[in-house]
2 protein chains.
Amino acid sequence: MIGTGNIFADVMPNPAMEAFATLLSQPGLRIERIVSAGQATPAGVWLDQEQGEWVLLLEGAAALEVEGETGPRRLARGDYIWLPPHCRHRVAWTEAGRATVWLAVHVDKPA
Amino acid sequence: MIGTGNIFADVMPNPAMEAFATLLSQPGLRIERIVSAGQATPAGVWLDQEQGEWVLLLEGAAALEVEGETGPRRLARGDYIWLPPHCRHRVAWTEAGRATVWLAVHVDKPA
């Protein structure tokens, strides 16, 4: 089963809500498109995930905080980062007024 | 271990050779950047892989043939395609004179 599409199709910045779309789901792996428009992780909240996550910023701009680091990492077009399982992180900000498009590859820990 | 970079860093079209770089290697999964500059799969050759491959064209242009289809699929910026294990395919062409940048996610079949 061949699945195709364009990752920039129907990208609409929505300040009310981030948009998540699964592009591929396979055992142990899920590839997702995320479109942000000013959203951030709520203050004081850290994301702590069972799965590893490889993220690539395709359009827009954002900053990511990783627990224990001295400051947020600013991400621009083309920047990628691997967040191992349970690497606590938060999105400090995404650019308001335009779409920030992320590719996220969620990877299960090997059994 | 956090791994970071920019997928468009040091992209140089090289008509003599495609360039492959592994961005992430995890059990069952490998994420790779491929930079083409006019290369194609040799005439009459099909690629037949044990692993599934999800490819996303990030820059440039290409055409992909999938065995059994009536013609090549033209790929532009943002186009992605999932090629399941043993889905025989070939790169018909990539644009000459500039870089075509691919993201490839290679996925092992579950054990």
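Taken together, the values in this text are just the output of simple stated rules run on the coordinates, not laboratory data. Values in this document were obtained by computation on a predicted structure and should not be read as measured data. Cβ: placed from backbone, ideal geometry, glycine included. Neighbour counts: every protein chain shown.
Details
- As a proxy for reagent exposure, A:45, A:101 were ordered by neighbouring Cβ count within 10 angstrom, fewest first; the result is A:45, A:101.
- Shape category assigned to the stretch B:1-48 from the gyration tensor of Cα positions, a/c cut at 1.5: oblate
- Long-range Cα-Cα pairs in the protein assembly as shown (distance over 22 Å), rounded percent: 53
- Fraction of the pair-distance distribution of chain B above 19 Å, Cα-Cα pairs, percent: 45
- Among B:92, B:21, B:40, residue whose mean-square fluctuation peaks in a GNM of chain B (springs only between Cα atoms under 10 Å): B:21
- For the stretch B:1-103, the list of GluC sites (Glu not before Pro) that fall in a loop by DSSP and count at most 13 other C-beta atoms within 10 angstrom reads B:50, B:67, B:69.
- HN-Hα J in Hz across the stretch B:55-69 - Karplus 6.51, -1.76, 1.60, θ = phi - 60°, x for Gly and Pro: 10, 10, 8, 9, 7, x, 7, 7, 9, 10, 9, 10, 3, x, 8
- Label-point spacing at residue A:77 relative to the other copies reads 0.6 nm, in ascending order, each point sitting 7 Å out from Cα along Cα→Cβ.
- Net charge dipole, chain A: roughly 140 debye, given to the nearest 20, about the Cα centre with Cβ charges of +1 for Lys and Arg and -1 for Asp and Glu.
- Near the amide H of residue A:75, within less than 5 Å, lie the amide hydrogens of A:62, A:63, A:64, all on another chain or at least 5 residues away, with H placed in the peptide plane.
- 7 Å along Cα→Cβ, label-point gaps from residue B:12 to other copies, nm, shortest first: 4.5
- Teacher prompt: residue B:97 distances to equivalent labels in other copies, 7 Å Cα→Cβ, nm: 3.8
- Shape category assigned to the stretch A:58-111 from the gyration tensor of Cα positions, a/c cut at 1.5: oblate
- Counting every other Cβ atom within 10 Å of each residue's Cβ, B:48, B:108 order from fewest to most as B:48, B:108.
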